[in-house]
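To start, the structure itself, in structure tokens.
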Amino acid sequence: MAAEVGSRVQYVPVKYQAYPWQRGSPEVWISPKLKSIAEQLRQYSSPGSSADEDGGVTSSVGMPASVASLNDLNVFPTKKRAAVLVCLHQTPEGELRVILTKRTASMSSHSGEVCLPGGKRDEGDVDDTVTALREAQEEIGLEPSHVRVVAVLEQFLSKDLLGVTPVIGLLDDVSNFRAVVNPHEVESLFEAPLEMFLKESEKHWFEERVWLGVKYRVHFFDYTTHLGEKFLIWGLTASILIRSASLVYQREPDFVEFAPDFSAIVNSSKALGGKSVDSLGATPEKNSEE
């Protein structure tokens, strides 16, 4: 990325507006790989289709809404909604990486936790894509016009029954990204390989817990950057990244987790369509925070 991990620069609040990719401008791709991923993910249709008051979205629970439904959990997210941006770019070596942040220690909740850029939905946000892009711009200075949104996933339910919608976006030309970190919310900015969230290794483990009578798994991933900085990615954030990686790479993780129905990518049908939770090796994942 264009910024060093943990960089801090002057933060100036910005106002969200309409951007070229939203107005139907023709697409020109630098990366054939990202173009192929975009074509693939744009066929995805989520089964359905919230957040901290001060930005960022973390939780120890990260259950997809469709999984909650299949388990006969009669729960409904509150009117408060949130969205997070799963922003991917390709390195010169061809590796897909995802942009992540670590919340400041001064945050009123979930301080010091790793999360995806994102936050609560404002009244003026017309949809989850607008929320995710606006929050990413406010938190890390990511210009929405540089991001190609290619998929909106189903909601994930947090421990407090907030509906958190992941929005997958591709950053085709990462050289355009000059990070402007909001020091009130973000302590550090880093990126991690997307594929690591599908691999079983000594850097991954899980805990089994029970939420609303349903057993689920909270996944944890240790990650060390090339600068030697260590981060723990878990809970809701880990759940969203496992699901996102499964969709991008079109394969299930090496460990038991709620995997999507990959026929949904090809047929544009609903993910998880008609399958039982057991048939998917179910067990929900969770993220950073109790």
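The values are calculated or read from the model by the stated rules, or taken from the named source; none is laboratory data. Source: prediction; values computed, not measured. Here Cβ is always computed from backbone atoms with ideal geometry, including for glycine, and neighbour counts include all displayed protein chains. When the accessible area is computed, the model is the full protein with side chains, heavy atoms only, and any ligands, DNA or RNA have been set aside. Shrake-Rupley method; radii C 1.70, N 1.55, O 1.52, S 1.80 Å.
Figures for the structure shown
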| read-out | value |
| --- | --- |
| Any hit, segment 183-193, residues being under 20 Å from Ile242 (Cβ atoms), touching a His at 6+ places or on another chain (Cβ under 9 Å) and not charged (D, E, K, R) | no |
| Residues located in segment 159-178, provided they are open to solvent by 10 Å² or more (accessible area, probe 1.4 Å) and part of a loop (DSSP other than H, G, I, E, B) | Lys159, Asp160, Leu161, Leu162, Asp172, Asp173, Arg178 |
| So Glu143, is it surrounded by fewer than 19 Cβ atoms within 10 Å (Cβ to Cβ) and either within 21 Å of Leu194 (Cα to Cα) or touching a strand residue (DSSP E or B) at 6+ places or on another chain (Cβ under 6 Å) (or both) | no |
| Selection within segment 181-192 - farther than 29 Å from Asp254 by Cα, open to solvent by 10 Å² or more (accessible area, probe 1.4 Å) and either under 20 Å from the mean Cα position of the chain (by Cα) or among the small types (Gly, Ala, Ser) (or both) | Glu185, Glu187 |
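This table checks each residue for (1) among the polar types (S, T, N, Q); (2) more than 24 Å from Ser45 (Cβ to Cβ); (3) at pLDDT below 95; (4) more than 15 Å from the chain's Cα centre (by Cα).
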{"position": "Phe156", "(1), (2), (3), (4)": "no, no, yes, no"}
{"position": "Val164", "(1), (2), (3), (4)": "no, no, yes, no"}
{"position": "Leu171", "(1), (2), (3), (4)": "no, no, no, no"}
{"position": "Asn176", "(1), (2), (3), (4)": "yes, yes, yes, yes"}
{"position": "Leu194", "(1), (2), (3), (4)": "no, no, no, no"}
{"position": "Lys199", "(1), (2), (3), (4)": "no, yes, no, yes"}
